[in-house]
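Structure first, commentary second.
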Amino acid sequence: MKFLHLLSTLLLTGIAVSAFGQREGYHIEIACPSCHQDTIFLGNHYGNNQYYRDTAYLIQDTFYVFEGNKPLEPGVYLLIIPPNPPRLVQFIVNENEQEFALLLTQDSFPAVEEAVGSDDNQLFADYIKYLKVAELQRNQILVKYDGKEDPASQDSMRTDLIKLNAQVHGAQERLADLMPGSMSSLLIRSSWEPQIPQFTGDTQSVKLQNYHYYKDHYFDEIDFSDKRLIRTPFIHQKVFNYLEHLVSPEPDSLIQEMDMFLDKMKDNDELYKYFLIQFLNFSARSDIVGYDAIYVHLVDQYYADGKATWLGDDQLTRILNTANTLRPLLIGKQAPDLEMKTRDDKVLHLYDVESPYTVLFIWDPDCGHCKKSMPVMEEFYEKYKAEGVQIFAICSKLRTQNEPEGDKKCWEFVDEHPGMKEWIHVVDPYHQSRFKVVYDAKTTPQIYVLDKDKKIVSKKIGAESLPGLFDFLLGKQIVPNPPVK
C-alpha cells in the first residue's frame, strides 16, 4: 500500500493531516500496518538515557496520532512499539517541523519508510535505508573471502572494504549537503571519523602524529552550543569515548579536558547541566585511585562557585561536604596526623612512626572483608619489612553502650594472628581523634600508603594491590599494576 493512499484515507476519515501548519504544539501521525497494537509510545533521547513522552491509541485500522499543545524540543525521538522487547524506530523532530506523518512498514524497521510534512525525516529515512544496503554489501564482501587466509585474498578483502568505506563516506557527504544545518545533517556528520593525512617520519613519530591529529579533530563536526545535541543518541558516548580512550588517564589530564568541554557548553544550559552532573558522577563512582581529585576540582570550580543553579540547598550541602572530606586526603597531600593509644594505653601519633613508607591500615575484628585481607597483609609485611615498611594498624572497634569493652576484641584478634604482632597496633576506643571521619573510613578495611614525609602516595586500595605498588615505589617494577579499590 502506497503512503499517498494511506494519507488520502486519513483525509477521508477527518484526521488532521489537512490541518498541517494551522496549530500550535505538535501533531505526529503514524501509519503502521504491521504494528497490530492498541497503543504505541513516544520517547526521546536525552544524553545516555531515553524518556517516555506520550502515548498514541489506535484510531482506525493502522493509524495512530501523537499530539500536544506545546512544541516538542528538537532532537531524535523514538517510536516504541510493544510487545516486549519493543520495536524501536528513530525519527526526527525539529523546530520548524512539528506536524508530519510517518509510514512504517514491516520491511522498513528500524527506520521510517516515508515521511510527509518533514523533509528532515525523509532525508533521515533515506540515509538509514542506504546504510542497510551498505551493511549488506559489507557482509557480502566478508562472505566472499570467508576462509581465505592467503595474503592475496586478505589484501583483496581490505581493498574492497576500503573502497566500500569511501563510497559510504561520499554518500554521507552528498546526503548531509542536501540540507545543511538540519538534524539529519548533524546526525550524519557526527558519525564521521577524522580523515588522518599521510604523515612522514619513523614509526613512532607517525603514530604520535596520527594520534594527535585524530584527537585534535575528533569533534570537528560538533558545535557544542547546538541545543539539539542533548536529545541525540551519540553525544554522551562520543564525549566519554574521547575521555576514556583519547585522553591520558591521569586526573590532571581529565580535569583539563572536562573544563574544556564545560567551557564550550556554557551557553547551552541543558547540555552543560547534563555533562557537569555526568562528570561528577563519573569521578564519584570510578574505581580508579586518585579520581576523587576530579570530584574535588569539579565541586570547587562549579558547584561551590554557584554554577550548579539547579541544585537545592540540601543536595548542594551534601556535595560540598563530600568534597571537604576528600580534599585533605587527595594523593600528594600531607596525611592528617592522628593521636592514638597503644595496648599499654600510651599515646602514639601517626607522625611518630619513622619509616620510608607507612601503610595506614584501618580494620575491624568483626569485619569479613578484613579477615580475608589479613593473610594478604601478613604476607605483604613479611616480604617488605626488610625495606623498612611499617604497618600502622588502627583497630576501629569502639567502646559503646552495647560493647563497653569493644576494643578488647582488637587485642584478642591480634593475639590469635602471630603474623600481625610486628605491626604497630593502636586504638581510639572513644573516637577522640575522629579517625573514621578524618580518613573517610565509612567501611573497613581502609588502606592508605604514606611516604617518609607522611604524604599520601596511594589510598583506598585492596591489600592485593600492595605488592605491585611497592615493587614500583622501590624501583623493582617500571610500571605499577593498576590499583584496585
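For the reader, a short list of remarks on this structure follows.
- Failed criterion for residue 414 (all others in (1) β-branched (Val, Ile, Thr); (2) loosely packed, with under 13 Cβ neighbours inside 10 Å; (3) farther than 28 Å from residue 326 by Cβ hold): (2)
- Some residue of the range 153-164 being closer than 29 Å to residue 30 by Cβ, among the charged types (D, E, K, R) and either in contact with a Leu (Cβ under 8 Å, 6 or more places away or on another chain) or buried (at least 17 other Cβ atoms within 10 Å of the Cβ) (or both): no
- When 101, 111 are screened for being in the same structural domain as residue 80 (by TED's automatic domain parsing), under 29 Å from residue 73 (Cα atoms), over 35 Å from the mean Cα position of the chain (by Cα) and not charged (D, E, K, R), only 101 passes.
- Some residue of the range 218-225 being farther than 22 Å from residue 271 by Cβ, in the same structural domain as residue 263 (by TED's automatic domain parsing), under 23 Å from the mean Cα position of the chain (by Cα) and among the hydroxyl-bearing types (Ser, Thr, Tyr): no
- Inclusion of residue 373 among residues that are polar (S, T, N, Q) and assigned to a loop (DSSP other than H, G, I, E, B) is not warranted.
- The criterion of at least 2 residues that are in contact (Cβ under 8 Å) with a residue 12 or more places away in the chain, of a type outside the set (D, E, K, R) and farther than 13 Å from residue 361 by Cβ is met by the following strands (runs of 3 or more DSSP E) wholly inside the range 376-460: 456-459.
- Here 196, 255, 188 are screened, and the one residue that is of a type in the set (A, V, I, L, M, F, W, C) and surrounded by fewer than 15 Cβ atoms within 10 Å (Cβ to Cβ) is 196.
- Unmet criterion (only one of (1) among the acidic types (Asp, Glu); (2) more than 20 Å from residue 227 (Cα to Cα); (3) out of contact with any Asp or Glu (no Cβ under 8 Å at 6 or more places or on another chain)) for residue 113: (3)
- Test: residue in the range 180-190 that is over 32 Å from the mean Cα position of the chain (by Cα) and either on the phi < 0 side of the Ramachandran plot or assigned to a loop (DSSP other than H, G, I, E, B) (or both): no
- Residue check: residue 267 meets all listed conditions (1) assigned to a loop (DSSP other than H, G, I, E, B); (2) free of Cβ contacts under 8 Å to residues at least 40 places away in the same chain; (3) acidic (Asp, Glu) but one, namely (2).
The values are calculated or read from the model by the stated rules, or taken from the named source; none is laboratory data. As the structure is a prediction and not an experimental result, all values here were calculated from the model. Note: ideal-geometry Cβ built from the backbone for every residue, glycine included; neighbour counts use all protein chains shown.
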